[in-house]
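Written below as structure tokens is the structure these notes are about.
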Amino acid sequence: MDVLWAPWRKTYVEKVSKARKKGCVFCRILKENKDRERYIFLRTEHSFGVLNIYPFNGGHALVLPQRHVDSLEKLSQDERTDLMDALIKVKAMCRKAFNPQAFNVGMNVGHLAGAGIPEHLHIHVVPRWSGDVNFLPALFGTKVIPISLEDTYERIINENKGRHRKERR
Ligand SMILES: [Zn+2]
């Protein structure tokens with residue numbers, strides 16, 4: 001898993017630390033209500049799903065509680081249930097849109113564990129296909145992802161019509 005998250009880590013951490021000066025990026029995009037621009041594709045009562053803008057793989061999504069908390073035990077029972085339901089929904093949406101062969105689902109809690117934004121819990125959902133673990137990231141710190149974020153977003157929305165809560169204006 002270390003290798004899995006490593007490729008984009010440096011740029012990601014640099015960009016995130018800049019963004020962090022303006023407050024929590026996850027809380028900010030949630031309040032902005034520009035779901036399409038911010039790649040938020042699911043909102044539930046207490047949670048939301050958003051594309052990772054520094055994806056490891058095509059369709060790499062994050063599932064988060066709406067409330068700004070840094071550890072699982074701080075979530076209420078309702079929030080925990082909703083987060084797990086949202087995770088299952090996001091996984092189903094990714095499956096429908098991208099038909100992956102497998103998923104990595106997981107979270108890094110705290111800086112030491114590799115979390116880029118440790119102050120706001122987030123669960124990674126990474127679709128996997130046979131042969132996608134290529135040597136490029138490890139060698140060159142980069143990876144070519146064959147689908148743009150815009151296309152990824154369109155696809156996850158279009159393939160899951162009716163499940164997505166409409167963007168509020
Ligand atoms: Zn936050």
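Before moving on, here are some points about what is shown:
- Criterion: surrounded by 12 or more Cβ atoms within 10 Å (Cβ to Cβ), modelled with pLDDT under 85, more than 16 Å from the ligand (Cβ to nearest atom) and assigned to a loop (DSSP other than H, G, I, E, B) - qualifying residue of Arg169, Arg165: Arg165
A quick yes/no check of all residues on (1) within 13 Å of the chain's Cα centre (by Cα); (2) away from the ligand (no atom under 16 Å from the Cβ); (3) surrounded by 12 or more Cβ atoms within 10 Å (Cβ to Cβ):
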residue	(1), (2), (3)
Pro65	yes, no, yes
Glu73	no, yes, no
Lys96	no, yes, yes
Asn99	no, yes, no
Ala102	no, yes, no
Ala115	yes, no, yes
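- Candidates Glu37, Glu14 - the one that is modelled with pLDDT under 95 and surrounded by fewer than 16 Cβ atoms within 10 Å (Cβ to Cβ): Glu14
- Taking (1) more than 16 Å from the ligand (Cβ to nearest atom); (2) part of a loop (DSSP other than H, G, I, E, B); (3) under 14 Å from the mean Cα position of the chain (by Cα) in turn, Val90 satisfies each apart from (2).
- With respect to the conditions (1) closer than 21 Å to Leu149 by Cβ; (2) touching a strand residue (DSSP E or B) at 6+ places or on another chain (Cβ under 6 Å), Pro65 falls short on a single one, namely (1).
The values are calculated or read from the model by the stated rules, or taken from the named source; none is laboratory data. What you see is a predicted model; the values in this text were computed from it and never measured. Neighbour counts run over all protein chains shown; Cβ positions are idealised from the backbone, glycine included.
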